[in-house]
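Chemist: Sharing a structure here in structure tokens format.
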2 protein chains.
Amino acid sequence: MRSVERKTKANLEDIARVAGVSKMTVSRVLRGGSGFSDDTRARVRRIAEDMGYVPNRLAAAFALDQASTLVGMCVPRLTSGLFGHVLDGVDRALSRLGFQVMIGSNNHSAEEEEAWVRQIVAWRPSGVILSGRNHTAGTVDLLRNAGMPVVEIWELTTSPIDMAVGFSHFDCGVEIGQFVIRRGRRRAGFVGALSRSDVMGQARLQGFEAALARAGHPLADREVLHDSPGFYPGYYGLETLLARRPDLDVVYFHNDEMAIGGLAYCQSRGIRVPDDLGIVGWGGMEAASVLPRRLTTTVVPTTAIGKAAAEALVARLKGEPCQDVTVVPTRLVPGETA
Amino acid sequence: MRSVERKTKANLEDIARVAGVSKMTVSRVLRGGSGFSDDTRARVRRIAEDMGYVPNRLAAAFALDQASTLVGMCVPRLTSGLFGHVLDGVDRALSRLGFQVMIGSNNHSAEEEEAWVRQIVAWRPSGVILSGRNHTAGTVDLLRNAGMPVVEIWELTTSPIDMAVGFSHFDCGVEIGQFVIRRGRRRAGFVGALSRSDVMGQARLQGFEAALARAGHPLADREVLHDSPGFYPGYYGLETLLARRPDLDVVYFHNDEMAIGGLAYCQSRGIRVPDDLGIVGWGGMEAASVLPRRLTTTVVPTTAIGKAAAEALVARLKGEPCQDVTVVPTRLVPGETA
DNA sequence: TGCGTCAGGTTTACCGGTAACGTAGCTTAA
DNA sequence: TTAAGCTACGTTACCGGTAAACCTGACGCA
């Protein structure tokens, strides 16, 4: 006997002993199988209940090298309001079906993501949901080799590891670029954050720049802070940018949080929005829509993305047909700040 | 041989065979044990690497009925910005130590929480973190019986299931009540949401009412919406409340999101804040601090709570001494809206 | 009477890892 | 010289659940 301390929890064998049947019978009864009398079923159920039986999913998942009902999900930052909604969409859809979601965050770093994937794969999950399409070779190897469903969300990719659900960040930038040109803006700036690692934010900037250049009014200046994209970086980023280029007539921000910071700066300096300066965000924070002036931004269907990712994953698990790439359209909301 | 399809993944035995040692030696080498030659160590490590060995934590956790490095965490809503920060605090602290966090949300329902706990306990996690102190008897039984560390966060309780980290919501309300009285407000209202289930929001209201009553200026009116606490409910909640009681001179909101909605309503109707009406929130959203007028609110140290909860859990796991109840103080930020 | 069938089970053989204990060969100190 | 000790491993016996195969008595039926 290895463990000295008495075991506190009943297992199938304990129930079997008390019920006078084999542990296999108990297992099948508790999993709702058929092939035993009503009396046996009732007795086993009652005894399991009385003994406070808690199934051991570790043992079950281990016994069946397949299906563990564990799903891993990794996002860049847990503190982002947008990802909170994505997470919520995933969790609602999956928990309803009996899955458990294991989370992780990678701070926009592909290396941190790989470290997370390495841990998670060891738990033999049913599937994995990643954010973005920027992964290390090690991550891709690990996941392909594991042979489990993988859904890459948020940024689309034409060649997903397995499946992808999202939209094009580049196109978001293009759309905003075209929009500000149509509104007559000619000297555009950009305020962003974490340029090196946030590939998706960079893609938006590139799309924005491309559209402006095509229209003959290239990006005038940019200010990219080495900080996480929040309200204060937006505030001070705009301050810095305008100090260099007071003549800008519109500024595109990394996201809504930063744009709201920028709006606050304008308010504090008496800069009239959108008359003196246009402000554009990205993401579609709920807050952005009830500001004194409704923020011009791109609304991202966060919850829908989470839900679609979960559904794609489950469809693949069930062997149902499902498309590899699901495009979830974003929506430009004109607002009143540009 | 049960499985027809060839197994794709190498296990300890496969490595052992190739390396010409026993699987126990492989297990010990890979876990960094000692008691073998440098040659053996290097050979086993290289072969494991070459074969793309991914440890099976399911099997390891199952073998040792103890320590699974899985930790469950359940919050009321994943979409709340505040809980995103708590989650981040927990995840950062735990993932650094090699734990995996399994999430869940209960929508402020003790029954949903119990259903979640029932699922999670079956995975034999190292510990569980819950939000609030309102649990079903079944939840408490399940957790006590499982004998694992449990941390209740957010709302303090004097008799935790195991440990608690948080603050008193009632006291937050009292503090705000006393504050508005000191500022000369005499006709206070409240706008909230989800009254039945959000016990913590209710506690803040009760504290607020108690302080007002004690000062001789009891709460004049309240508007509680059956909706989740967001910007729009704040906007329309204030509209409804002021339609009934145009004479209010201050309104306490369920949280900052609702308060910002309320501010937006004031702005749209030309109600001067704080001259005509004081607005007070709760939570300390980052957004609230860069609004045109800094919101009067209670700042909650979200990340610190998550971190403290994780640390308490780990301390208990290690058998280190740790206090059962950790008070993490909130801070009233006067702001400019009341 | 003999045999097939079916309900209602039981038995067996793992899943992949780990703790506890065992052991061969060599060194070392009394 | 010899027992004790150390090094570097190997062996055994599980952990709790599950699939697959096997068993058994009762009944129907030719």
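The values are calculated or read from the model by the stated rules, or taken from the named source; none is laboratory data. Keep in mind that this is a model prediction, so the values were computed, not measured. Note that we place each Cβ from the backbone using ideal geometry, even for glycine, and neighbour counts take in every protein chain shown. Surface accessibility is based on the protein's heavy atoms, side chains included, excluding ligands, DNA and RNA. Shrake-Rupley method; radii C 1.70, N 1.55, O 1.52, S 1.80 Å.
Chemist: If the requirement is being surrounded by fewer than 19 Cβ atoms within 10 Å (Cβ to Cβ), assigned by TED's automatic domain parsing to the domain that holds B:Tyr232 and over 30 Å from B:Lys318 (Cα atoms), which of these qualifies: B:Gln206, B:Gln202?
Modeler: Among B:Gln206, B:Gln202, only B:Gln206 is surrounded by fewer than 19 Cβ atoms within 10 Å (Cβ to Cβ), assigned by TED's automatic domain parsing to the domain that holds B:Tyr232 and over 30 Å from B:Lys318 (Cα atoms).
Chemist: Moving on to the next point. Select, from A:Arg77, A:Arg133, the only residue that is closer than 30 Å to A:Pro229 by Cα, touching a residue at least 24 places away in the same chain (Cβ under 8 Å) and facing another protein chain (nearest Cβ under 9 Å).
Modeler: So the residue among A:Arg77, A:Arg133 that is closer than 30 Å to A:Pro229 by Cα, touching a residue at least 24 places away in the same chain (Cβ under 8 Å) and facing another protein chain (nearest Cβ under 9 Å) is A:Arg77.
Chemist: For the range B:48-85, which residues satisfy the criterion of being more than 16 Å from DNA strand C (Cβ to nearest atom), part of a loop (DSSP other than H, G, I, E, B) and of a type in the set (A, V, I, L, M)?
Modeler: B:Leu78
Chemist: What's the total number of residues in the range B:255-313 that are assigned to a helix (DSSP H, G or I) and within 14 Å of chain A (Cβ to nearest Cβ)?
Modeler: 26
Chemist: Whether any residue in the range A:7-14 is more than 16 Å from DNA strand D (Cβ to nearest atom), farther than 30 Å from A:Thr139 by Cα and hydrophobic (A, V, I, L, M, F, W, C) is what I want to check.
Modeler: Within the range A:7-14, none of the residues are more than 16 Å from DNA strand D (Cβ to nearest atom), farther than 30 Å from A:Thr139 by Cα and hydrophobic (A, V, I, L, M, F, W, C).
Chemist: What number goes with the only condition from (1) more than 27 Å from A:Leu143 (Cβ to Cβ); (2) surrounded by fewer than 19 Cβ atoms within 10 Å (Cβ to Cβ); (3) at pLDDT 95 or above; (4) within 16 Å of DNA strand D (Cβ to nearest atom) that B:Gln66 does not pass?
Modeler: Going through the list (1) more than 27 Å from A:Leu143 (Cβ to Cβ); (2) surrounded by fewer than 19 Cβ atoms within 10 Å (Cβ to Cβ); (3) at pLDDT 95 or above; (4) within 16 Å of DNA strand D (Cβ to nearest atom), B:Gln66 breaks only (3).
Chemist: Scan the range A:28-47 residue by residue and report those that are part of a helix (DSSP H, G or I) and either away from chain B (no Cβ under 14 Å) or more than 8 Å from DNA strand D (Cβ to nearest atom) (or both).
Modeler: The answer is A:Arg28, A:Val29, A:Asp38, A:Asp39, A:Thr40, A:Arg41, A:Ala42, A:Arg43, A:Val44, A:Arg45, A:Arg46, A:Ile47.
Chemist: Further question on the same structure: Going by the structure shown, is B:Gly52 under 18 Å from A:Gln119 (Cα atoms) and outside the structural domain of B:Ala310 (by TED's automatic domain parsing)?
Modeler: Criteria met by B:Gly52.
Chemist: So, in the range A:79-121, of the ones that are of a type in the set (A, V, I, L, M) and open to solvent by 10 Å² or more (accessible area, probe 1.4 Å), which residue ends up farthest from B:Ala93 (Cα to Cα)?
Modeler: Within the range A:79-121, the match that is farthest from B:Ala93 (Cα to Cα) is A:Leu97.
Chemist: Out of A:Val300, A:Val325, A:Val314, A:Val273, which single residue is crowded, with 24+ Cβ neighbours inside 10 Å and in contact (Cβ under 8 Å) with a residue 60 or more places away in the chain?
Modeler: Only one candidate qualifies: A:Val300.
Conditions (1) touching a helix residue (DSSP H, G or I) at 6+ places or on another chain (Cβ under 8 Å); (2) open to solvent by less than 10 Å² (accessible area, probe 1.4 Å); (3) of a type in the set (A, V, I, L, M, F, W, C); (4) under 30 Å from A:Leu212 (Cβ atoms), marked per residue:
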| residue | (1), (2), (3), (4) |
| --- | --- |
| A:Val128 | yes, yes, yes, no |
| A:Asp141 | no, no, no, no |
| A:Arg144 | no, no, no, no |
| A:Gly147 | no, no, no, no |
| A:Val165 | yes, yes, yes, yes |
| A:Gly173 | yes, yes, no, yes |
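Chemist: Residues that are within 7 Å of chain B (Cβ to nearest Cβ) and hydroxyl-bearing (Ser, Thr, Tyr): does the range A:82-102 have at least one?
Modeler: yes
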